[in-house]
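K.L.:
Structure incoming, see below.
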Amino acid sequence: MTDLRTRFTDDMKTAMKAGDSAKTATIRLIISAMKMKDVDARGAGREQADEAEIMSMMQTMIKQRQESSKVFRDNARPELADKEDAEIAIIESYMPKQMSDAEVEAAIGAVITELGITSVKDMGKVIGALKSRFAGQIDMAKASAVVKGKLAA
């Protein structure tokens, strides 16, 4: 976890020295959001946010920018959409490799079997386990639909 925090700081310094204002600004946004997560964690009695929380935060940042980019493109503002897309690329560079659909299916099946889940009522337990084990590697919205499908069958 500390490696990721150090990487943010080092990359921001490098971007600043290189005069890359877009990357510098995006990394500053990530660090700012991470500090907010740390404050929340301290409120819960922990020193700082864990890696799963940071990955989830960055996934949220990506989704927000994807939505903004779509709105900008729909409203004939491609220059703003391009800015959002550039931020997405920078944030994604810190994310672990996304799992394929087959890997997601296998991971969900394994978690369901391991936890002995048989009902849709326990879907939250499966999602919680997936978030902690595969932080940043699975799109939880898609995973949620797959879990629901597996448990409903």
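Read-outs throughout are calculated quantities, based only on the coordinates presented, and are distinct from any laboratory measurement. Quantities reported herein were computed from a predicted structural model and do not represent experimental measurements. Note: ideal-geometry Cβ built from the backbone for every residue, glycine included; neighbour counts use all protein chains shown.
K.L.:
For helix 2-18, what angle does its Cα long axis make with the longest principal axis of the chain, in degrees from 0 to 90 and rounded to 10?
P.N.:
Here the helix axis deviates by roughly 30 degrees.
K.L.:
Could you state the angle between the C-alpha long axis of helix 21-43 and the longest principal axis of the C-alpha atoms of the chain, as a value from 0 to 90 degrees rounded to the nearest 10?
P.N.:
That works out to roughly 50 degrees.
K.L.:
I would also like to ask the following. Taking K and R as +1 and D and E as -1, what net charge do the other residues with C-beta under 14 Å from the C-beta of L80 add up to?
P.N.:
Combined, the nearby Lys, Arg, Asp and Glu give -2.
K.L.:
Hey, another quick one. Obtain the nm distance between the two label points defined at K63 and S32 by a simple spin-label model: each point lies 7 Å from its Cα along the Cα-to-C-beta direction.
P.N.:
Roughly 2.1 nm, to one decimal.
K.L.:
Same structure again: Run down the lysines and flag those whose C-alpha is under 18 Å from the C-alpha of K150, throwing out any fewer than 8 positions away in its chain.
P.N.:
K121, K125, K131, K142
K.L.:
Something else now. For the chain, calculate the relative contact order in percent as a whole number, restricting contacts to Cα pairs under 8 Å that are 6 or more residues apart.
P.N.:
20
K.L.:
Suppose only helical runs count, i.e. DSSP H with n ≥ 4. What mean residue ellipticity at 222 nm does that imply for the chain under -39500 (n - 2.57) per run, divided by all residues and rounded to the nearest 500 deg cm²/dmol?
P.N.:
-26000 deg cm²/dmol
K.L.:
Same structure again: Between 0 and 90 degrees, rounded to the nearest ten: what's the tilt of helix 78-92 against the longest Cα principal axis of the chain?
P.N.:
That works out to roughly 60 degrees.
K.L.:
Here is a follow-up. Among the trypsin sites (Lys or Arg not before Pro) within region 72-153, which fall in a DSSP loop and have no more than 14 other Cβ atoms within 10 Å of their own Cβ?
P.N.:
Those satisfying the criteria are K97.
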